[in-house]
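What follows is a short report on a single structure.
The values are calculated or read from the model by the stated rules, or taken from the named source; none is laboratory data. The model shown is predicted, which means the values in this text are computed figures rather than measured ones. Quick reminder, even Gly has a Cβ in these numbers, built from the backbone with ideal geometry, and neighbours come from all protein chains shown.
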Amino acid sequence: MTTIEGLFGAGDAVGGTPHAFSSGSFTEGRLAAKAACKYIDDGKAEGIVVSDEQINRRKVEIYKPLEHYRVYRNAIVAGSVNPHYINPKQGLDRLQKLMDEYCGGVTVNYMTNEKLLHIGLKKLKIMEEDLESLAAEDIHELLRAWELKHRHRAAECVTQHTLFRKETRWPGYYYRGDAMKLDDENWHVLTVSRRDPKTGEYTMEKAPCYHLVSGDE
């Protein structure tokens, strides 16, 4: 359970780590689901009320890519190219290329800098607008569409954190070309971010990093 009562999370929702990957996120998902079921079985969820209006609104949002495909599927001009939508595979290719080139991916030898990160954030914002036109041909593509939306948000968070942290702390899986040195004096800390859901603006701050075992032991 997160710090919000009754809200359970897994994977990036509980703190992204490059050591979790798919298997770790899958395991966390099972643990979160079991904990949520136990939370309900123990009667702790009785005070949580969800209205029919909330449920219906979320249904419309979740199934929107299927509806978007149904409306515009006959407008395909060639192969899978459609002027009215993008599919999850097209969106994923775009996100991968964007993060690779601007946020320190393998093709740029894991190197990035402040200017590239700002460009990356600008392109992520443009992509977020285009994701409102995501289309899903079937239930499997609907799953991929929402995976893409979630990965896009995670990518934005990674870019914001990389921009905020002005040092290179290898192995952090990227180098800041404009801040190549390890800076323990200023950055031996955890990074905490909050995103305003209405404005999309991020608030960044440092949090103490406590070592359970000291380096001398």
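Given the conditions (1) free of Cβ contacts under 8 Å to residues at least 24 places away in the same chain; (2) out of contact with any strand residue (DSSP E or B) (no Cβ under 8 Å at 6 or more places or on another chain), report the number of the one that V189 does not fulfil.
Status for V189: all satisfied but (2).
Of the residues I76, I126, which is more than 19 Å from C157 (Cα to Cα) and of a type in the set (A, V, I, L, M)?
It is I76.
Return the only residue of V60, V71 being loosely packed, with under 13 Cβ neighbours inside 10 Å, in a helix (DSSP H, G or I) and in contact with a His (Cβ under 9 Å, 6 or more places away or on another chain).
Matching residue, one of V60, V71: V71.
For the condition closer than 18 Å to D12 by Cα and either of a type in the set (S, T, N, Q) or not in a helix (DSSP H, G or I) (or both), what is the one hit in V158, V192?
V192
Name the one entry in E132, E141, E114 that is more than 19 Å from D12 (Cα to Cα), touching a residue at least 24 places away in the same chain (Cβ under 8 Å), surrounded by fewer than 20 Cβ atoms within 10 Å (Cβ to Cβ) and under 19 Å from the mean Cα position of the chain (by Cα).
E141
From the list K206, K198, which one is in contact with a helix residue (DSSP H, G or I) (Cβ under 9 Å, 6 or more places away or on another chain), closer than 25 Å to G11 by Cβ, without any contact (Cβ under 8 Å) to a residue 40 or more places away in the chain and of a type in the set (D, E, K, R)?
The match here is K206.
Quick one: how many residues across segment 5-46 are surrounded by fewer than 12 Cβ atoms within 10 Å (Cβ to Cβ), modelled with pLDDT under 90, among the small types (G, A, S) and farther than 18 Å from A155 by Cβ?
Summing the residues that are surrounded by fewer than 12 Cβ atoms within 10 Å (Cβ to Cβ), modelled with pLDDT under 90, among the small types (G, A, S) and farther than 18 Å from A155 by Cβ in segment 5-46 gives 1.
When segment 195-217 is examined, which residues are found to be more than 22 Å from Y102 (Cβ to Cβ), of a type outside the set (V, I, T) and not in a strand (DSSP E or B)?
D196, P197, K198, C209, Y210, H211, L212, S214, G215, D216, E217
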